[in-house]
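Colleague: Dropping the structure in here first, questions after.
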Amino acid sequence: MPIEKKNREWFIRIFSSVFICYHLLYVSDFLTMYTPILISPSQHVSLHLGGILFFSFLLVGAGRKSNPGHTPWYDILLAIAGLGVPLYYGFFYEDLILRSGEGALDISAGGWLLMALLLEASRRLLGLPFTSIVAGFVIYLLSSGYLPGILFHPSIPVLRIGEFMFVSGTGIFGAIVNISANVVIVFILFSQILLNAGAGDFFTSLATAAFGGMRGGPAKMAIISSGLFGTLSGSPVGNVAATGTFTIPLMKKTGYSSHYAGAVEAVASLGGILMPPVMGATIFILSDFLSMPYIEVCKRALMPAILYYLCLFMMVDQEAVRLKLKGLEKELRPPIISVLKKGWWYAIPLFVLIYLLAVVQYSPQKSAIWASASLVILSLLRKENRMGPMKLMVSFEQALRAMLQVGVAMGCASIIMAAFSITGLGFSISTLLTSISGGNLAVLLVLTALTSFVMGMGIGSIGCYIFLALAVVPAMVKMGVLGISAHLYVFYWSLLSFITPPVAILAYVAAGLAKANPFKVGWQASRLGVLAYALPFAFVLKPQLLLLGHPIDILVVTAFAVLGTVYMASGVGGHFILSLKWFQRLLFLAGAAILLFSTSFLWMSLAAIIPGVMAVRLFYLKKQAGPGSINPDHQNSE
C-alpha cells in the first residue's frame with residue numbers, strides 16, 4: 001500500500017474520530033459543564049455542516065466514487081470551502097444578524113456559495129435526480145415572479161435569497177440541520193457501535209435458534225433478525241446488507257426462490273425503520289414539526305409496525321405451506337440457551353435507551369449516548385466483542401461515512417424548506433389540493449399518497465416527507481385529520497418507494513445478494529409489503545390504531561385490525577389453513593378492507609363473521625382430509 005494512501009486513511013480515521021467525539025462532548029453538555037470552552041448553537045451547527053461538506057468532498061470524488069489514494073486539488077479546494085463557509089456563519093453569527101436585511105454582499109454570497117456546495121455534494125452522494133429537484137426549488141425562487149397560478153410570488157431579489165438561506169432561522173442552518181447536528185449523528189453512531197460489537201450476528205443467531213426449526217424457518221429468521229436489528233439501526237439499506245448476507249442464502253437453500261428470498265429480506269428491513277425505538281432521521285424531523293416528544297411518536301407508531309410484521313410473517317408462512325417447506329436441520333440451529341448466554345447483554349443498551357427516553361425523559365440524543373456508553377462498557381466483558389480503541393475508531397469512521405449522505409440530504413432539505421417559507425408555496429399547494437379534492441378526505445388521501453410515492457422515488461424519504469409535511473399535511477389537518485396521523489401518513493408513503501418498482505432501492509440491494517432479477521424482487525416485495533400501503537389510510541381514519549382515544553375503543557379497533565391483517569395476508573397470499581380459490585380470496589380481501597378502514601362497529605362485525613365462517617369451514621375440511629393433505633387442488637371443492 002502506498003505511504004500516501006496509508007497516511008490518507010489514518011488522517012480520515014483520526015479526524016473522523018475527532019469529529020464524532022466533538023459531537024458527543026457537545027451534545028452531552030460535557031464541554032459546557034466541565035471545560036471553559038463555550039461553543040454557541042450557531043457555532044456547533046456550522047461545525048457540523050462544515051465537517052459534513054469537508055469530508056464529502058475529500059471522500060467522494062466528482063464521479064461519485066470513492067476518491068483514490070490521493071485527493072485532486074479541486075476536491076481539496078471544495079473541501080476547504082465546504083468547511084470555511086459554514087464556519088464564517090458560525091463564528092461571525094452575531095455580526096451577520098446585525099447586518100442582515102441591508103443587502104450585505106458577503107451574507108448573500110455565503111448563502112449562494114453554501115447552496116452550490118450542498119448541491120454538488122448531493123450530486124456526488126445522492127445522485128442527479130435528488131439534486132435536480134433541489135435545484136428546481138432554487139430556480140423557482142429566482143423565477144417565481146414570472147410563473148402563473150399558485151406558483152406565482154412577487155420576484156425576490158437575488159441578494160435577499162442568499163441572505164435568507166444563510167442567516168434566517170428557517171434557512172439552511174435552521175431546524176433540520178440542527179436535528180442532524182444534535183440527534184441523528186448520535187443515533188447513527190449507536191447503530192455502528194452495535195454492528196461492530198456483533199449485535200447483527202447475535203440477532204441473526206437468536207432468530208435462527210428460535211424460528212429456524214419452523215416451516216419456512218429461514219424466511220421467518222429474516223423477518224425477526226431484520227426487525228430486531230432494524231429497530232436499532234434505523235437504516236433499511238444497512239439492514240439488508242447486514243442480515244441479508246446470511247438469511248438470503250439460507251432461504252434459497254431451504255426452497256424459496258431467489259426473488260422471493262430477496263423480497264422477504266427487503267420488506268423485513270423496511271419494517272425496521274417503521275418499528276420503534278429507532279426509526280431513522282425522518283422521524284426526528286417529524287417529532288420536531290409536531291413539537292411532540294420523540295418517545296411519544298414512538299408510542300404512536302408501535303401498533304402499525306406490529307401489524308406490518310404480523311402480515312409479513314403470515315404471508316411467509318403461507319408460502320412455506322404452499323411449497324411444503326421444512327425448517328432448518330437441528331445441526332444448523334444453535335441452541336437458544338447458548339445464544340442467549342453469549343449475547344443477552346445486547347438487550348441492556350436497548351433497555352437503557354427506552355428507560356431513559358420513557359421514564360427519566362432524557363432527550364433522545366442523551367439517551368442514545370448513554371445507551372452507546374453502556375454497550376461499549378458491556379462489550380469489554382467478552383474478548384471477541386470487545387470495543388477497544390481501534391474498533392471504536394473504525395466505528396467513528398463508519399458513523400461519519402454513514403452520516404455524509406444523511407447530513408447532505410438534510411442540508412438540501414433545508415433549502416426546500418426555506419423555499420416554502422420565503423414564498424408561502426406550502427399554503428398555496430395546500431389550498432389547491434383542498435380545492436381539487438372538493439373537501440373529500442378520501443380523495444385528498446389518494447392524491448397525497450400518489451404525490452408522496454412519486455416524490456419519494458426522486459428525492460428520498462427525508463426530502464419527500466418535508467415537502468409533503470409543509471404542503472399537504474396542513475390540508476389534511478384542515479379536514480379534521482389529527483396532526484400525528486397526518487404526519488405518519490406522509491412518513492409511511494415517503495418510504496414505500498424503497499420496495500416499490502421502478503426505484504425499489506432495497507429490492508436492488510437484496511437482489512444483488514440473492515443473485516435475482518431486481519424487478520422480480522421489487523414486485524414480490526410490493527406484494528409481501530401490501531399492508532404498508534393500507535396502514536396509512538387505516539390509522540388516518542381510525543386514530544385508535546395509534547393508541548389514541550378511550551382504552552376500550554383502542555382495544556376494539558386494534559382487535560378488528562389484527563383480524564383484518566390476518567384476512568389481508570390470506571387474501572393476498574392465497575392461503576388460510578387451506579389454499580383459497582379466487583372468490584374466497586376476494587371475500588377475505590373485502591373483509592380486510594372493511595375491518596381496516598370502516599369506522600362502523602356493525603360493518604366490522606359482519607366483515608369479521610363472513611370470512612370467519614369460511615375459515616371454520618376450511619379447518620373442518622382439513623380435519624376431514626387428514627394430515628399432510630394441503631393441496632391447492634382438492635380442499636376447496638365446497
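Colleague: Assign one of three labels to region 494-587, namely rounded, prolate or oblate, based on the Cα gyration tensor with a ≥ b ≥ c the square roots of its eigenvalues; rounded applies when a/c is under 1.5, prolate when it is not and a/b is larger than b/c, and oblate otherwise.
Modeller: oblate
Colleague: Place a +1 charge on the Cβ of each Lys and Arg in the chain and a -1 charge on the Cβ of each Asp and Glu, then give the dipole magnitude about the Cα centre in debye, rounded to the nearest 20.
Modeller: Details: 39 positive and 23 negative charges, 436 e Å.
With only Lys, Arg, Asp and Glu charged at Cβ, the dipole is about 2100 debye.
Colleague: To continue, here is another question. Order by neighbour count: M479, M410, fewest other Cβ atoms within 10 Å first, most last.
Modeller: Result, fewest neighbours first: M479, M410.
Colleague: Considering only S143, Y93, S155, whose Cα is most displaced toward the positive end of the charge dipole of region 46-192, charges sitting on Cβ of Lys, Arg (+1) and Asp, Glu (-1)?
Modeller: Toward the positive end, the furthest listed residue is S143.
Colleague: Compute the separation of the alpha-carbon centres of region 179-238 and region 85-148 and state it in Å as a whole number.
Modeller: Cα centroid of region 179-238 versus Cα centroid of region 85-148: 38 Å apart.
Colleague: Which entries of K252/K581; K252/K515; K253/K326; K252/K341 have Cα-Cα distances beyond 18 Å here?
Modeller: Values: K252/K581 27 Å; K252/K515 11 Å; K253/K326 11 Å; K252/K341 29 Å.
Listed pairs above 18 Å: K252/K581; K252/K341.
Colleague: Given 20 Å bins starting at zero, what is the percent of C-alpha pairs of the chain in each, up to the one with the largest pair distance?
Modeller: 18, 51, 27, 4, 0
Colleague: Using the structure shown, select from K330/K391; K220/K383; K299/K342; K342/K391 the pairs with a Cα to Cα distance greater than 28 angstrom. Intermediate values should be presented prior to the final figure.
Modeller: On the way: K330/K391 34 Å; K220/K383 30 Å; K299/K342 30 Å; K342/K391 20 Å.
Listed pairs above 28 Å: K330/K391; K220/K383; K299/K342.
Colleague: If packing is taken as the mean number of other Cβ atoms within 10 Å per residue, what is the order of 22-30, 335-343, highest first? Please list the in-between numbers first.
Modeller: Numbers: 22-30: 17.6, 335-343: 14.3.
The peptides rank, most packed first, as 22-30, 335-343.
Colleague: Under a crude label model (7 Å from the Cα following the beta-carbon direction), how far is S155 from I337 in nanometres?
Modeller: Spacing of the two 7 Å Cα→Cβ label points: 8.1 nm.
Colleague: Restricting to Cα pairs below 8 Å that are 6+ residues apart, what does the relative contact order work out to for the chain? Please round to a whole percent. Present the calculation step by step, with values, prior to reporting the outcome.
Modeller: Working: 1002 pairs, mean separation 99.2, N = 638.
It comes to 16 percent, rounded to a whole number.
Colleague: Continuing with this model, one more query. For region 209-293, what does the alpha-carbon gyration tensor say about shape, rounded, prolate or oblate, given a ≥ b ≥ c as the root eigenvalues, a/c under 1.5 as rounded, and a/b over b/c as prolate?
Modeller: Working: a/c = 3.33, a/b = 2.49, b/c = 1.34.
The shape class here is prolate.
Colleague: Kindly identify region 1-138 as rounded, prolate or oblate by the Cα gyration tensor criterion: order the square roots of the eigenvalues as a ≥ b ≥ c, call it rounded if a/c is under 1.5, otherwise compare a/b with b/c, prolate if a/b is larger, else oblate.
Modeller: Taking the square roots of the gyration eigenvalues as a ≥ b ≥ c, region 1-138 is oblate.
Colleague: Let me ask you something else. Per-residue counts of other Cβ atoms within 10 Å, averaged by peptide: what ranking do you get for 266-273, 292-299, highest first? Could you put the intermediate results ahead of the total?
Modeller: Details: 266-273: 30.6, 292-299: 18.1.
Answer by packing, highest mean first, reads 266-273, 292-299.
Colleague: While we're here: Which whole-number percent gives the relative contact order of region 351-442, counting Cα pairs below 8 Å spaced six or more residues apart? If you can, show how the numbers build up before the last one.
Modeller: Values: 24 pairs, mean separation 11.1, N = 92.
Relative contact order here is 12 percent.
Colleague: Let me ask something else. Would you please put 114-123, 354-363, 314-323 in order of how densely packed they are, using the mean number of other Cβ atoms within 10 angstrom per residue and starting with the highest?
Modeller: On the way: 114-123: 23.1, 354-363: 15.3, 314-323: 20.8.
Output ranking for 114-123, 354-363, 314-323: 114-123, 314-323, 354-363.
Here, each number is a calculation from the coordinates, and none is a lab measurement. All values reported here derive from a predicted model rather than from experimental measurement. Methodologically, a virtual Cβ is constructed for each residue, glycine included, from the backbone with ideal geometry; neighbour enumeration extends over all protein chains shown.
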